[in-house]
Amino acid sequence: MLHTTHSVRVRYGETDAMKYVYYGNYAEYLEVARVELFRSLGMSYNEIEERGIWLPVSDFSIKYLRPARYDEVLEIHTRVHRLPGVRIRFDYEIFNPDGQKITEAAVTLFFMDAETGKVTRCPDFLMELILAAWDQSSDPGGNS
């Protein structure tokens, strides 16, 4: 399993009149956390794209448990429980400053060859980084 934690402070412009985070902004928070997970492996999202791989979203689900509020620092836990195949799934939990879980989410991306536009397996250069960081104490499950 891969696991990273990233913090983000809620900006005023991300909130509604009640100073709750507008629901559509959570997708951006998850994207930031996902990009930071790749960076923690030693490769930026930009470098993956420069190597000819795009990662479009194929599935997104979210459950709002409590609101996030203006100026709170949120802690986003990002996990990958299964080794990627043609898809990679990210599971998220977001916690408020009191340590309460406020959001659960999952995003599935698929690997696409940027030149051909065809779905492809996780490229070797990325799989090597994932395997090097993989927590061997967890069960990698099946490939997706």
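Could you tell me whether the stretch 17-25 includes any residue that is modelled with pLDDT of 95 or more and in contact with a His (Cβ under 8 Å, 6 or more places away or on another chain)? The answer is no, given that none of the residues of the stretch 17-25 is modelled with pLDDT of 95 or more and in contact with a His (Cβ under 8 Å, 6 or more places away or on another chain). Looking at the structure I just gave you, is residue 131 within 16 Å of residue 45 (Cβ to Cβ) and over 15 Å from the mean Cα position of the chain (by Cα)? So residue 131 fails the test. Being closer than 16 Å to residue 133 by Cβ and without any contact (Cβ under 8 Å) to a residue 60 or more places away in the chain is a condition met by at least one residue of the stretch 82-89. Cβ-Cβ below 6 Å, separation at least six or inter-chain, first residue in the stretch 6-26 and touching a residue at least 12 places away in the same chain (Cβ under 8 Å), second of a type in the set (Phe, Trp, Tyr) and not in a strand (DSSP E or B): which pairs? Partner pairs satisfying both residue conditions: 8/29; 10/70; 12/70; 15/70; 19/70.
Of all residue pairs spaced 6 or more apart or on separate chains, those with beta-carbon atoms under 6 Å, a first member in the stretch 102-118 that is in contact (Cβ under 8 Å) with a residue 12 or more places away in the chain and a second member that is of a type in the set (Lys, Arg) and part of a strand (DSSP E or B) are 104/63; 108/87; 108/89; 110/87.
Yes/no per residue for (1) modelled with pLDDT of 95 or more; (2) surrounded by fewer than 14 Cβ atoms within 10 Å (Cβ to Cβ); (3) over 15 Å from residue 105 (Cβ atoms):
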position: 28; (1), (2), (3): yes, yes, no
position: 46; (1), (2), (3): yes, yes, yes
position: 64; (1), (2), (3): yes, no, no
position: 74; (1), (2), (3): yes, no, no
position: 77; (1), (2), (3): yes, no, no
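The values are calculated or read from the model by the stated rules, or taken from the named source; none is laboratory data. Given the structure is predicted, the values throughout are model-derived calculations rather than measurements. Cβ sites come from the backbone with ideal geometry, for glycine too, and all protein chains shown count toward neighbours.
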